[in-house]
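One structure is given below, encoded as structure tokens.
The values are calculated or read from the model by the stated rules, or taken from the named source; none is laboratory data. In this text, all values refer to a predicted model and were calculated from it rather than measured experimentally. Positions of Cβ are backbone-derived with ideal geometry, glycine not excepted, and every protein chain shown enters the neighbour counts. Side chains are part of the model used for accessible areas, which takes the heavy atoms of the whole protein and leaves out ligands, DNA and RNA. Shrake-Rupley method; radii C 1.70, N 1.55, O 1.52, S 1.80 Å.
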Amino acid sequence: LAQQRLLIKGGKVVNDDCSVVADVYVEDGVVQQVGLNLNPQPRTGLVVLDATNKLVIPGGIDTHTHMEFPFMGSRSKDDFYTGTKAAIAGGTTMIIDFAIPQKGCSLIEAFDTWKSWADPKVCCDYSLHVAVTWWSNKVKEEMKNLVQNKGVNSFKMFMAYKDLYMVNDEELYAAFSCCKELGAVAQIHAENGELIAQGAKKMLAMGITGPEGHEMCRPEEVEAEATQRAITIANAVNCPVFVVHVMSKSAASVISNARREGKVVYGEPIAASLGTDGTNYWNKDWAHAAAYVMGPPLRPDPSTPGFLMNLLANDDLSVTGTDNCTFDICQKALGKDDFTKIPNGVNGVEDRMSVIWEKGVYSGKMDENRFVAVTSTNAAKIFNLYPKKGRIAVGSDADIVIWDPKATRTISAKTHHQANNFNIFEGMVCHGVPIATVSRGKVVYEGGAFNVTAGEGKYVSRPPFPPYVYKRVRQREQV
């Protein structure tokens, strides 16, 4: 493909550390110049985008997606094509998905399987985290192989989903130790799986079968306890830990306190926990209530999203993902008589950037630079993609979004690009709209129209020992 030459004129370039009015010139998929009144020659074949009165920001990095994920007797609706297409419409130019092996199965095979699904379909760049769902010497060897040969530098452990993905404390200790040796980031789904299993039995025995039972059997303290335990175990082996989908005030407070104690820990609230709440589980319409079922659940306390946003704005929480894992109303109906059979998952990959701008920047909780940090830059730093990703500077990948902070849009399942027939943010009016999305130097989305084909995105390798995370860890080892 002949690369476009591209000039973005007259916008305000916003990075995580400063904003400056400048033009951006792109060639061969890479930023070549940033400055005032750029005039690249020849003018023939030059695509010019006018960004006057707009912001020019690094493309979003969604740290947490599950495209075409086989889960709970079904498969998520968004595949790597519709999912990444929706992502670029929302201003996200890279996703990091999860390859998840069954217990006893090969991590390498899971990685290869997910990559074979993604490569022919992706419309933007992507990478893969790999889950550790069991422990043995073989798993240890495969983790090493993934880090050294496959460009993986993050592994996720589940403390929930008993008998499916859950690992115990001993296995966690071993996995964390291995991550530390390999220079990988340990990710954790923090919920007490044993308490959830007992709680679910109790709810069903009491005749509570609806979606509200899902939240009632896994209350906040179940998330907070596991978060505390994960951080404690990780700290014992001096391993950096990244808590995925932070859903509650209490779990967020645990992370915040740990950071203030100097522990190397990062928290990832998601679009859902920042933009809506768990009062929806008690909606009279079963299908509506079930559509919000995800693990950990949204919290019924309506002040939770604002609380999480405050912590995100002030660096107690670090990055945002979506846990995008969509199931339509028919798929959710697998659990019509038993909430434990409702496939867990909600949308978010398309709406994350706008929801965070609305709830964070428009509300006055954070500025445009912090917005860039939590939607892109911090993720790039933690997962060792920076400064190729997460920044607009000479030499960076041209993953760029022209963002109109004044424009508004109303989120709706009728108009979104995701494969799902329900949107958990239905009816939300968002200030902050992506006008154009540039991926690898090509304008792939502009003014509501796509110019992208399946497979145009690339798999991005991530080297181990991200300096942002591991500089402190290495120094502590020496001391």
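Applying both filters, DSSP loop and at most 12 other Cβ atoms within 10 Å, to the trypsin sites (Lys or Arg not before Pro) of the stretch 208-288 gives Lys284. Three principal axis extents describe the C-alpha atoms of the stretch 25-88; from largest down they are 56, 24, 17 Å.
The residues of the chain present an accessible area of 35 Å² per residue when probed at 1.4 Å with all protein chains retained. Distance between the 7 Å Cα→Cβ label points at Ser106 and Asn310: 5.1 nm. What's the FRET efficiency of Val21 with Ser253 using the Cβ-Cβ distance as r and R₀ = 45 Å, to the nearest 0.05? Taking R0 as 45 Å, the efficiency between Val21 and Ser253 is 0.70. Restricting the calculation to alpha carbons of the chain gives Rg and Dmax of 21.3, 74 angstrom. Rolling a 1.4 angstrom probe over the chain with all protein chains present gives an accessible area of which 52% lies on carbon and sulfur atoms. Checking every one of the GluC sites (Glu not before Pro) in the stretch 189-294 against DSSP loop status and a limit of 16 other Cβ atoms within 10 Å picks out Glu261. Can you give me the Cα centroid spacing of the stretch 414-479 and the stretch 70-91 in angstrom? Answer, in whole Å: 13. What separates the Cα centres of the stretch 330-345 and the stretch 107-164 is a distance of 27 Å.
Kirkwood's formula applied to the C-alpha pairs of the stretch 214-314 gives a hydrodynamic radius of 14.0 angstrom. Gain on full extension, evaluated as 0.36 nm per residue between Gln33 and Ala287 minus their Cα-Cα distance, stands at 86.3 nm.
The peptide list 333-345, 369-381, put in order of mean Cβ contacts within 10 Å with the highest first, becomes 369-381, 333-345. A Förster distance of 45 Å, applied to the separation of the beta-carbon atoms of Ser116 and Asn369, puts the FRET efficiency at 0.70. The simple Förster model, with R0 at 56 Å and r as the Cβ-Cβ distance, assigns Lys162 and Val394 a FRET efficiency of 0.65. Would you mind checking the stretch 218-234 for residues with the amide N under 20 Å from a putative spin-label position 7 Å along Cα→C-beta of Lys201? Correct set: 218-219, 222-223. Most simply put, the chain has about 45% antiparallel DSSP beta bridges, counting only bridges with both residues inside it. Every helix of 4 or more DSSP H residues in the chain counts as -39500 (n - 2.57), and over all residues that averages to -9000 deg cm²/dmol at 222 nm.
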